[in-house]
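Single-structure report; data block below.
The values are calculated or read from the model by the stated rules, or taken from the named source; none is laboratory data. Since the model is a prediction, treat every value here as computed from it, not as a measurement. Cβ placement follows ideal geometry from the backbone for every residue including glycine, while neighbour counts extend to all protein chains displayed. Keep in mind that these areas ignore ligands, DNA and RNA; they rest on the heavy atoms of the full protein, side chains included. Shrake-Rupley method; radii C 1.70, N 1.55, O 1.52, S 1.80 Å.
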Amino acid sequence: MSAPLLNHRYRIVKALAEGGFGQTFLVEDTQMPSRRQCVIKQLKPMNDRPEVFEIVQQRFAREAAVLEAVGKGNSQIPDLYAYFQEKGQFYLVQEWIEGLPLTALSSEDWSEDRVRSLLQNALRALVHVHRQNIIHRDIKPENIILRSSDQLPCLIDFGAVKELMTTVVSTAGATKSSLVIGTPGFMPPEQAAGRPTFSSDLYSLSMTMIFLLTGRTPAELPTNSQTGEVLWTQFAPSVSEPLQTVLTRAVHPYLQNRYPTADDMLAALMPTTVEQPVTTGAQPVSAYVSSGAPTVAMANSAFAEQSPTQASAPPGAYPVTQSPFPTVAQSSTPQPLTPQPLTPQPLTPQPLTSAPTAKALFPWKRAGIAASALLLGGGILVGIRPQLSFVNQESAAQIEDFPAEIASLEGTLEETPTDATAQVNLASAYFEVGRYEDALAQIETVLTQNPEDVTALITKGKVQIETGEYQAALSTLTKAADIDLNNAEALVERGNVYYEIGEYDNAIDDYRSALQREPGYGRAYQEWSAVNVVRGNIQEAIQNLDLAIQNGEKTISVYTNRGNRKSSIGDRDGAAEDWKIASEMEAYTANDFSSRGFANSRLNKKEKAVDDYNQALIVNPNSTRAIINRSYSQYEAGEPEQALATATKALEINPNSTTALILRGEIKSNSNPADQEGALADYSKALDINPNDPNILNNRCSAYFAIGELGLALADCDLGLQVNPRSEALYVSRGNIRLTQENFEGAVQDFSRSLEVMAENGGNPFRESVAYSNRASALVNLQDLNGALSDLNKALELNPDDPSDYYKRGIVKASLEDKEGAREDMRKAADLYLAQGRTDSHRSVIAMMESLGL
């Protein structure tokens, strides 16, 4: 007789561990088609008093919600699948991390490089945990699992759950833990005293690294009798001085002497290099090009233009242009694209009856986002689909002529019409040249003969994805995955469909399941990176692509996309190296050419990029990616009508291409006159397809802002930030909305957060300058003139040729009675406007100077 199921669905496979807090089991989920393995933690409160049980019951749900949130945001934290209560005990159902704890690996050779890599990866996970305002509190070798599939350290057994199970109630009714959470030796003094901090986790993690380097537990290491410092370096004499310094500081007994955050410690571990920019002369394009699904939406950045109350001011900072489309290279010193012409009204100075104040003269009330601010900032996916079944290293050089390949396969089928392999290969060839109806007809022939032909089903699913039939593709690929439970490709393709429709958790589940079935399946890592990009986990996305390459997925698209990710965090040298590799690789398919074209555009090889895009359309005239690239090229070249027609053609092939919808919306929003309603219709349709993409939400947020629908705009920004709480563009967009709503404190918070994210991602001087400028707008309205002056100084350090910021700083200086400084700034603004040919703005500044007596 089989053992009863836990919660009527989980069958115990074996016991994993037992301790004072409960038991841990490896179980099988009988209600999932894959019967995936999970870990169940069975927890029993150590105090069974009714009032304690009720408190634990309430807090258990809250702690489970926290565990769910922290697990979703980082692949090195186990996902929480479910939680339930049964027979007075509490259960957590978590992702099974297949691998070994560091305790089981301590006898291996832990070189300095291996420990450093482990430490850096573990710190990246802690950065995520601490940003959720969570302290792990029990980091030690047995609570770090080295995952078999990618050798990344995964953190398990958070202390919050243990604390919950040891809850007691005092006579006064207060609740607390009956014991200190943590492990002696790996736990710092302040945690032992019941006052853990983020730095406490860094101490525990560093003691774990010292354990690996020395082979000695903390109890086996001597300490300085006067200072209490751990004396460990003599047991690891080959460790370099820089790593010794970092670890010794991290395990200092005094909290104030340690690294305060995981970010700080991670920065200390990184080698100091002089960043060399990629030299290009092109306008900027966004670094946010994803590599995990056929369509990636865009994130725009909309920046404020402000004006004084007495008249229309010179136009403010231009919006950052973040274009997703692979047509031009990214400049290392981005400059704004020329916006739509602005027509300032003549300035009519009013007589001043008292000393001016910045707020009176220049409240910097948001005037709305200009059409030119609604620019794209995400990425067009290029070349992420796998090679066809008949395309491999041996045959690739022989199939440059797809018509010849098709003719050969058709000839084979004339001789042996029931050859299923030839039929599927012919369908794949039709797919590659854009003959989608022929591909589906050929597949149906195969499936009529054998409805359970998994290869045919996968090929059918790919065609359905390409033509935007996502629900049909989901059904087809689910059938394939159910027939062959070990087919990694079927799971990855289904994951891509989930990505397209915004079901990101399901997508990750499929990518992980694919890796469980086929460890080292590079494409799973490649596609997984797209979800990390959408959620703002850029470092994780880079790790995904590193692992894809390490496991043999050395394709043009992987190198191109890794270059884009590196560029987005300021690693320009690394980005240029990856783009160079991609640009020198041989291309055969339309997606190959599109991806290589993108790499060439990033390296400012414009003619080669255009050649690649043209070649992509020769190979496959119905490639939506290549058509969208062409549309954006036309749009950028000042041919909006042609660009609109080309984007519409892409939608005729795939009506559900969110990338094409957003590009068409962008073109409409910037048309003359602007068609904001048409743009909103396209953005809304894109969100009908994928309601959870933060970048599409940002675009619609900006469109709503442009027509004055602030409530709807704010709702979209809020939703986008729920998915990606690290989107600098969304923080800026919401900051602008709050400026207009006169919620100046909220605006300051948003602009400040956008600057923090930019700094974490490596910085972008131009975007930072605009954020500083906009924050100055809010600070002025909060009467913090010195703060506004400081921000404008930073903005001009980063972008010293912005006339609007000189104008603003001049107004602030005049309010602070620095007339000489105000006169100098106003003069500089007027000269810059004149040099740019903006004569109306030049006259407005001169008139304001006269009004202020400058």
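The condition (being within 18 Å of Ile508 (Cα to Cα) and surrounded by fewer than 24 Cβ atoms within 10 Å (Cβ to Cβ)) is satisfied by just one residue among Ile538, Ile549, Ile581, Ile569: Ile538. The criterion of at least 1 residues that are open to solvent by 40 Å² or more (accessible area, probe 1.4 Å) is met by the following helices (runs of 4 or more DSSP H) wholly inside region 756-832: 765-781, 785-798. Looking across region 56-76 at every residue that is polar (S, T, N, Q) and open to solvent by 30 Å² or more (accessible area, probe 1.4 Å), the one that is modelled with the lowest pLDDT is identified as Gln58. Contact annotation: residue pairs with Cβ atoms under 8 Å, 6 or more positions apart or on different chains, pairing a residue in region 533-561 that is closer than 16 Å to Gly520 by Cα with a partner that is open to solvent by less than 10 Å² (accessible area, probe 1.4 Å) and of a type in the set (Val, Ile, Thr), are Leu545/Val558; Ala548/Val558; Ile549/Val558. Only one entry in Val770, Val748, Val732 is among the hydrophobic types (A, V, I, L, M, F, W, C), within 23 Å of Tyr807 (Cβ to Cβ), in contact (Cβ under 8 Å) with a residue 24 or more places away in the chain and out of contact with any helix residue (DSSP H, G or I) (no Cβ under 7 Å at 6 or more places or on another chain), namely Val770. Within region 479-520, the set of residues being open to solvent by 40 Å² or more (accessible area, probe 1.4 Å), over 19 Å from Lys72 (Cα atoms) and either in contact with a strand residue (DSSP E or B) (Cβ under 9 Å, 6 or more places away or on another chain) or of a type outside the set (Lys, Arg) (or both) comprises Asp482, Ile483, Asp484, Leu485, Asn486, Glu489, Glu518, Pro519. Residue check: is Asp840 part of a loop (DSSP other than H, G, I, E, B) and either open to solvent by 30 Å² or more (accessible area, probe 1.4 Å) or at pLDDT below 90 (or both)? Spelling it out, it is not the case that Asp840 is part of a loop (DSSP other than H, G, I, E, B) and either open to solvent by 30 Å² or more (accessible area, probe 1.4 Å) or at pLDDT below 90 (or both). In the set Ile569, Ile581, only one residue is at pLDDT 95 or above and of a type in the set (A, V, I, L, M); that residue is Ile581. Counting the residues of region 693-728 that are part of a loop (DSSP other than H, G, I, E, B), surrounded by fewer than 18 Cβ atoms within 10 Å (Cβ to Cβ) and in contact (Cβ under 8 Å) with a residue 12 or more places away in the chain gives 3. In the set Asp79, Asp48, only one residue is open to solvent by 10 Å² or more (accessible area, probe 1.4 Å), at pLDDT below 90 and within 23 Å of Leu515 (Cα to Cα); that residue is Asp79. Taking Tyr731, is it within 26 Å of Thr658 (Cβ to Cβ), out of contact with any Gly (no Cβ under 9 Å at 6 or more places or on another chain), assigned to a helix (DSSP H, G or I) and open to solvent by less than 40 Å² (accessible area, probe 1.4 Å)? Spelling it out, Tyr731 is indeed within 26 Å of Thr658 (Cβ to Cβ), out of contact with any Gly (no Cβ under 9 Å at 6 or more places or on another chain), assigned to a helix (DSSP H, G or I) and open to solvent by less than 40 Å² (accessible area, probe 1.4 Å).
Would you check if Leu474 is touching a helix residue (DSSP H, G or I) at 6+ places or on another chain (Cβ under 7 Å), buried (at least 22 other Cβ atoms within 10 Å of the Cβ), closer than 30 Å to Asp79 by Cβ and not small (Gly, Ala, Ser)? So Leu474 fails the test.
All of (1) over 22 Å from the mean Cα position of the chain (by Cα); (2) part of a helix (DSSP H, G or I) hold for Asn486 with one exception: (2).
In region 125-137, is there at least one residue being over 23 Å from Arg535 (Cβ atoms), assigned to a loop (DSSP other than H, G, I, E, B) and not small (Gly, Ala, Ser)? Yes, region 125-137 contains at least one residue that is over 23 Å from Arg535 (Cβ atoms), assigned to a loop (DSSP other than H, G, I, E, B) and not small (Gly, Ala, Ser).
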